[in-house]
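The values are calculated or read from the model by the stated rules, or taken from the named source; none is laboratory data. In this text the structure is predicted, and so the values were computed from the model without any measurement. We place every Cβ from the backbone using ideal geometry, glycine too, and count neighbours over all the protein chains shown.
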Amino acid sequence: MSHTVAVGFDGSRESRAAAEWAAGEAQLRTLPLRLVQVWEPLPEPMAQASLPDAGTGRIPHEAAEELRLRHPGLDVRTEQLSGGPAEALCRAAAEADLLVLGSRGMSGLGGFLVGSVGLAVVAHAERPVVLVRAPAPADGHGTGDAHGPVVLGLDTGRPSEALIEFALTEAARRGAAVRVVHGWSPKPSYAYALAADPGLHETLAQYESTALTEMLHPWREKFPDLEITADSRYGSPAAQLVEASRDARLVVVGRRIRRHGPGAHVGHVTHAVLHHCTAPVAVVPHD
């Protein structure tokens, strides 16, 4: 693996927003930036009939030059890969510290369109992938609040050290605070007990809050200069993360690596966050 920040780039507004965000991330990490363009081979009859598009090959090189001008000292490289877009971008992710992709808003419907390629990459890449929103023309938002916290979605039942480490390290690089969001709901087996004992809900809430505090204790010691707040609330984790993203500069969620079984699996919470959080979303794969 080469230590770089890679970004999928096709010249679209979405990929340009992703490249700009990735350039800032590369500078924070003092790493080179790779603009990765994917060429999907055409079937042989179509390939023979097609004329080469000389302008297409210039797009990433021109974008690289613009990024160098806006980010003096940044090492910007371009790379062309062939094959299916998802597979090629997964290969690019495997050779980088971080892969950045763009997504666009769904006009009139709300949320963001990640697309099948983006979802496939998030579901299969074994390196962190960040989805960056193209700024909305009306308000310019899309790449997060530059002064907001890094928001971390955490499951206390199955915590991942890799996920927590990533979020806290990203916050330390930015000099940002960390807001840890934990949503919980009672198990179905508690239904009758909750009806019989209204005080049980408060007991469960205290238990979840204490578990989150204890889990974060060693991380507060490891990152003593970080402001880390813990927010444990009853209700949907996805809804709480979407709400917290409104003033966040980055949202960090996890995805369990599945090496067996067909299809793309990102989990329902991560899926909802990818489609509805307004800030950039980092998906960290972990065992």
Selected residue (only one of A120, A136 is in contact with a helix residue (DSSP H, G or I) (Cβ under 8 Å, 6 or more places away or on another chain), modelled with pLDDT under 95 and more than 30 Å from A230 (Cα to Cα)): A120
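Can you pull out every residue in the range 224-243 that is of a type in the set (A, V, I, L, M, F, W, C), more than 15 Å from the chain's Cα centre (by Cα) and under 14 Å from V150 (Cα atoms)? Step through it out loud before you land on a result.
First, the residues of the range 224-243 that are of a type in the set (A, V, I, L, M, F, W, C): 226, 228, 230, 238-239, 241-242.
Checking which are more than 15 Å from the chain's Cα centre (by Cα) leaves us with 226, 228, 230, 239.
Answer for the range 224-243, where residues must be of a type in the set (A, V, I, L, M, F, W, C), more than 15 Å from the chain's Cα centre (by Cα) and under 14 Å from V150 (Cα atoms): L226, I228, A230.
Which residue out of V130, V150, V100 is in contact with a helix residue (DSSP H, G or I) (Cβ under 9 Å, 6 or more places away or on another chain), in the same structural domain as V253 (by TED's automatic domain parsing) and modelled with pLDDT of 95 or more?
Values: V130 fails: in the same structural domain as V253 (by TED's automatic domain parsing); V100 fails: in the same structural domain as V253 (by TED's automatic domain parsing).
The match here is V150.
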P159 within 17 Å of the chain's Cα centre (by Cα) and crowded, with 16+ Cβ neighbours inside 10 Å: no
Single residue of the range 216-239 satisfying the filter (part of a helix (DSSP H, G or I) and at pLDDT 95 or above) that is nearest to V273 (Cα to Cα): L216
Selected residue [of a type in the set (V, I, T), at pLDDT below 95 and out of contact with any Leu (no Cβ under 9 Å at 6 or more places or on another chain)] from T30, T56: T56
Flag for D287 being over 24 Å from A23 (Cα atoms) and at pLDDT 90 or above: no
Failed condition for W21, given (1) assigned to a helix (DSSP H, G or I); (2) modelled with pLDDT under 90; (3) surrounded by 21 or more Cβ atoms within 10 Å (Cβ to Cβ): (2)
